[in-house]
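The values are calculated or read from the model by the stated rules, or taken from the named source; none is laboratory data. Everything quoted here is computed from the prediction, not taken from an experiment. We place every Cβ from the backbone using ideal geometry, glycine too, and count neighbours over all the protein chains shown. Side chains are part of the model used for accessible areas, which takes the heavy atoms of the whole protein and leaves out ligands, DNA and RNA. Shrake-Rupley method; radii C 1.70, N 1.55, O 1.52, S 1.80 Å.
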Amino acid sequence: MATSGNKNINAKLVLLGDVGAGKSSLVLRFVKGQFVEFQESTIGAAFFSQTLAVNDATVKFEIWDTAGQERYHSLAPMYYRGAAAAIIVFDITNQTSFDRAKKWVQELQAQGNPNMVMALAGNKADLLDARKVTAEEAQAYAQENGLFFLETSAKTATNVNDIFYEIAKRLPRAQPVENPSGMVLMDRPAERAASASCCS
Amino acid sequence: MTESASYPPIDPTTFDLILVGTGLPESVIAAAASAAGKTVLHLDPNSFYGSHFSSLPLDELTSFLTSHSTTSTSSSHPHLPPSTAIDGEDYISVDLETRPVYSDLDISSHSSEPLEHSRKFNLDPAGPRVLFCADSAIDLMLKSGTSQYIEFKGVDASLVCDSDGKLSTVPDSRAAIFKDRTLGLTEKNQLMRFFKLVQEHLASDGDERGDNARISEEDLQSPFVEFLKKMRLPPKIKSIILYAIAMADYDQDDVEVCKDVLKTKDGIDRLALYQSSVSRFSNAPGALIYPMYGQGELPQGFCRRAAVKGCLYVLRMPVTALLMEKSSGHYKGVRLASGQDLFSRQLVLDPSFVVSLPLASSSPDFLQEISLDFRLKSAQGKVARGICIARSSLKPDVSNLLVVYPPRSLYPEQATSIRVLQIGSNLAVCPSGMFVLYLSALCDDADQGKKLLHAAMNALFTPDVSGNPENSSSVQCENTEEVKSTLLWSALYMQELNMASFESISFTPMPDGNLNYNGVLDATMKLFKKMYPDEEYFPETTSPENSEDDEGISLES
């Protein structure tokens, strides 16, 4: 859930899409400005945070990557919980990945929070020669299903910052909090128990 | 997405470790083994994470409990001769079957209207369960990085039933003792003196000069109940310490029925755990916390940790058979429902599995040997569990609370403590305006278990008013501030208590009868150490996940 205070918005953002669509590449480009040509399937990093300043607010994204659990459709409910935004990624050179993206949208509509901001990213837009999914087709699908659509390239950085920026703009500024959030346990030694606290 | 048949084949086909079942012990082992650099495949036949440690919507809970229960008709297990097939040249396959771990399942609706919003429930089959703030489970979550995925809330009140059937607040801190109006001045002083003695004893640990502050070794080895008597604590205080703070299960005053006498040493340790829990996190007022969305978040968190370290996850994938080496009978791999064969050095199974072996006469010699290996550690009694959904809270202004009914507090033959945990909708386990109550008690058999649960339910809920839905508001009971709540739905069941076992194939334990996870996680750690004697159990890392980029770049608007 996006929580706001002094126009500081914390928003959990989840990535969805088929293996190889470029989910991790998009995040790496956005967070670190890097691109790796032959990125291995996601292992190791699955949690990033990145702050964006938009006109009226500072949005701190807490970005969750799938950690590979999407490969056999085994994402846990935990993954979707409290997500304020989602980017569904497909590969414009692969029709199947677009079909799978539609399934992920259905899954989100079933599992996610109804106010979620959803973006559809047609990734690998630099590979125009190999294009299998037209921008028009994806745009039409996005419009029908209440998503916004951008073609991105993690390789050339085209539209990568833009898609996160657009999400930041669309996040509700004040959202009724469905379940007041609990506390996250902080790593403090038990000896200093009296001063240990949890952020909430 | 539910189309299970469309899975691509699993690649690779050989792993260091395969685990079947995503209960908490399996999930912790998966995370620990992945962190130690092992290649791990984690399978679950269910469509959800957590197995016996999950949190489930109402409908799914019902079908999960039903599918793992013995049916009342005893002939329900036509034991087909297990099949052993000679596969190819090198190995044979042995069927993998499930055995019932729940029995005497009784699901009743007590309201004329069916409960709606099944999916708004997150119900724990292993309840009641909480975490003490100073539990080793908390340290494990912090150390492994699992804690960042899970949010908790404090359990606001802890109540205990006295011999008159009245509930009173557990005085668990100095301030609470002072404020407690039910304690007389003498009782307060006795309790203060006792807590001071315990504190001095704990503070003197390892301190040579503090010897006279220590409780004598003789006392430490004696029953805790004797020590409390020696400290001249009145029966009411004794009962609070034994059953609501040290969480003893059996009647400590009755040597006949007490199967587990709490020693002073262990009693003191549990008091210390409780005391350090009370002050550990400033946002948790009491000793106990509960995860938002239910206990099933814990295995999910450990599975995510495992996945981040490379563990492969496949839900909705039953294992139909084990593959054994023909010459030696050693475990080689598993056969999936999809028909694919996968291989691993080690295998860990959820406790609801059994390896069915062919008749000894028709099988090679080695099978008779492994049949010994596969025999599970025999069940030691049972735990009676109940899940109740109610319309109102037991205490009007408190949503999440623990109630302990010590032995003999409800009826003379009550041999074990009954613990009740009420969790409200602010922990996202049920729709607003409802409360989930979990009950548990150790028992020898189903009759005893049912009697324990029913006694507690009679004390908690108004008599069945299902014929009269208008009368569904809560009823004030005589001169106490607790109200009796109206029961809407209940599920009662007996669960087997199986220990972990380490053999050529390892089994994880069932949820135990305790309120916290320390017993289960201790067994899990021992299992891991036996499997991987040379590996560290969750090596210390500076940043648990790759989030070193907090300052980040800011894009101008």
| query | Got a sec? Which of A:Q69, A:Q95 is more than 8 Å from chain B (Cβ to nearest Cβ) and free of Cβ contacts under 8 Å to residues at least 40 places away in the same chain? | reply | A:Q95
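Yes or no, residue by residue, for (1) surrounded by 24 or more Cβ atoms within 10 Å (Cβ to Cβ); (2) over 21 Å from B:H52 (Cβ atoms); (3) of a type in the set (V, I, T); (4) touching a helix residue (DSSP H, G or I) at 6+ places or on another chain (Cβ under 9 Å):
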position	(1), (2), (3), (4)
B:A284	yes, yes, no, yes
B:A287	yes, yes, no, yes
B:Y293	no, no, no, yes
B:L298	yes, no, no, yes
B:F302	yes, no, no, yes
B:Y313	yes, no, no, yes
B:R316	no, no, no, yes
B:V319	no, no, yes, no
| request: List every residue pair whose Cβ atoms sit under 7 Å apart, with the two residues 6 or more apart in sequence or on different chains, where the first one lies in the range B:283-306 and is closer than 14 Å to B:A137 by Cα and more than 9 Å from chain A (Cβ to nearest Cβ) and the second, anywhere, is open to solvent by less than 10 Å² (accessible area, probe 1.4 Å) and among the basic types (K, R). | output: B:Q295/B:R129
| Regarding A:A138, is this residue farther than 16 Å from A:K23 by Cβ, touching a helix residue (DSSP H, G or I) at 6+ places or on another chain (Cβ under 8 Å) and surrounded by 21 or more Cβ atoms within 10 Å (Cβ to Cβ)? | yes
| request: For the range A:78-90, enumerate the residues that are more than 7 Å from chain B (Cβ to nearest Cβ) and open to solvent by 10 Å² or more (accessible area, probe 1.4 Å). | output: A:G82
| request: Would you check if B:F178 is touching a helix residue (DSSP H, G or I) at 6+ places or on another chain (Cβ under 8 Å), assigned to a helix (DSSP H, G or I), at pLDDT below 85 and more than 26 Å from B:Y517 (Cβ to Cβ)? | output: yes
| request: Identify all residues within the range B:108-146 that are under 18 Å from the mean Cα position of the chain (by Cα), in a helix (DSSP H, G or I) and facing chain A (nearest Cβ under 9 Å); write none if there are none. | output: B:I138, B:D139, B:M141
| query | Quick check: is even one residue across the range B:346-357 within 11 Å of chain A (Cβ to nearest Cβ), in a loop (DSSP other than H, G, I, E, B) and buried (at least 24 other Cβ atoms within 10 Å of the Cβ)? | reply | no
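Residue-by-condition table, conditions (1) modelled with pLDDT of 90 or more; (2) closer than 25 Å to A:A57 by Cα; (3) not aromatic (F, W, Y):
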site	(1), (2), (3)
A:A154	yes, no, yes
A:A157	yes, yes, yes
A:F164	yes, yes, no
A:I167	yes, yes, yes
A:V177	no, yes, yes
A:A196	no, no, yes
| field | the range A:32-57, residues that are at pLDDT 65 or above, in a loop (DSSP other than H, G, I, E, B) and facing chain B (nearest Cβ under 7 Å) | value | A:N55
| said: Considering only the range A:119-128, I want to know if a residue exists there that is free of Cβ contacts under 8 Å to residues at least 12 places away in the same chain and within 8 Å of chain B (Cβ to nearest Cβ). | reply: no
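Please go through the range B:245-283 and give me each residue that is of a type in the set (G, A, S) and in contact with a Lys or Arg (Cβ under 8 Å, 6 or more places away or on another chain), ordered by number.
If the condition is that a residue be of a type in the set (G, A, S) and in contact with a Lys or Arg (Cβ under 8 Å, 6 or more places away or on another chain), then B:A246 is the only one that fits.
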| query | Taking the range B:222-260, which residues are in contact with a strand residue (DSSP E or B) (Cβ under 6 Å, 6 or more places away or on another chain) and open to solvent by 70 Å² or more (accessible area, probe 1.4 Å)? | reply | B:K259, B:D260
| remark: In the range A:58-69, residues that are assigned to a strand (DSSP E or B) and either under 19 Å from A:V89 (Cβ atoms) or open to solvent by 10 Å² or more (accessible area, probe 1.4 Å) (or both) total 6
| said: For the condition touching a strand residue (DSSP E or B) at 6+ places or on another chain (Cβ under 8 Å), assigned by TED's automatic domain parsing to the domain that holds B:D11 and modelled with pLDDT of 90 or more, what is the one hit in B:S392, B:S409, B:S338, B:S344? | reply: B:S344
| field | Where A:Q106 falls short, out of the listed (1) under 30 Å from A:K7 (Cα atoms); (2) in a helix (DSSP H, G or I) | value | (1)
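Looking at B:L123, B:L105, B:L159, which is the one that is touching a strand residue (DSSP E or B) at 6+ places or on another chain (Cβ under 7 Å), surrounded by 23 or more Cβ atoms within 10 Å (Cβ to Cβ) and not assigned by TED's automatic domain parsing to the domain that holds B:I29?
B:L123
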| said: Go through the range A:141-168 and report how many residues are open to solvent by less than 50 Å² (accessible area, probe 1.4 Å) and in contact with an Asp or Glu (Cβ under 7 Å, 6 or more places away or on another chain). | reply: 4
| said: Could you list, ordered by first residue, the pairs with Cβ atoms under 9 Å in which the first is in the range B:410-433 and within 21 Å of A:N113 (Cβ to Cβ) and more than 12 Å from chain A (Cβ to nearest Cβ) and the second is of a type in the set (S, T, N, Q) and assigned to a strand (DSSP E or B), at least 6 apart or interchain? | reply: none
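Just to be sure before I move on: is B:K526 open to solvent by 10 Å² or more (accessible area, probe 1.4 Å), basic (K, R), at pLDDT 85 or above and not in a loop (DSSP other than H, G, I, E, B) in the structure I sent? If you could, list the steps in order and put the result at the bottom.
Details: open to solvent by 10 Å² or more (accessible area, probe 1.4 Å): yes; basic (K, R): yes; at pLDDT 85 or above: yes; not in a loop (DSSP other than H, G, I, E, B): yes.
Here the answer is yes, as B:K526 does meet what is asked.
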| task | Please specify each residue of the range A:114-135 satisfying the condition of being surrounded by 16 or more Cβ atoms within 10 Å (Cβ to Cβ) and within 19 Å of the chain's Cα centre (by Cα). | result | A:M116, A:V117, A:M118, A:A119, A:L120, A:A121, A:G122, A:N123, A:K124, A:A125
| request: Please name all residue pairs, on different chains or six or more residues apart, with Cβ atoms under 9 Å, provided the first residue is in the range A:144-168 and is away from chain B (no Cβ under 12 Å) and touching a residue at least 40 places away in the same chain (Cβ under 8 Å) and the second residue is of a type in the set (S, T, Y) and crowded, with 18+ Cβ neighbours inside 10 Å. | output: A:A154/A:S24; A:A154/A:S25; A:K155/A:S25
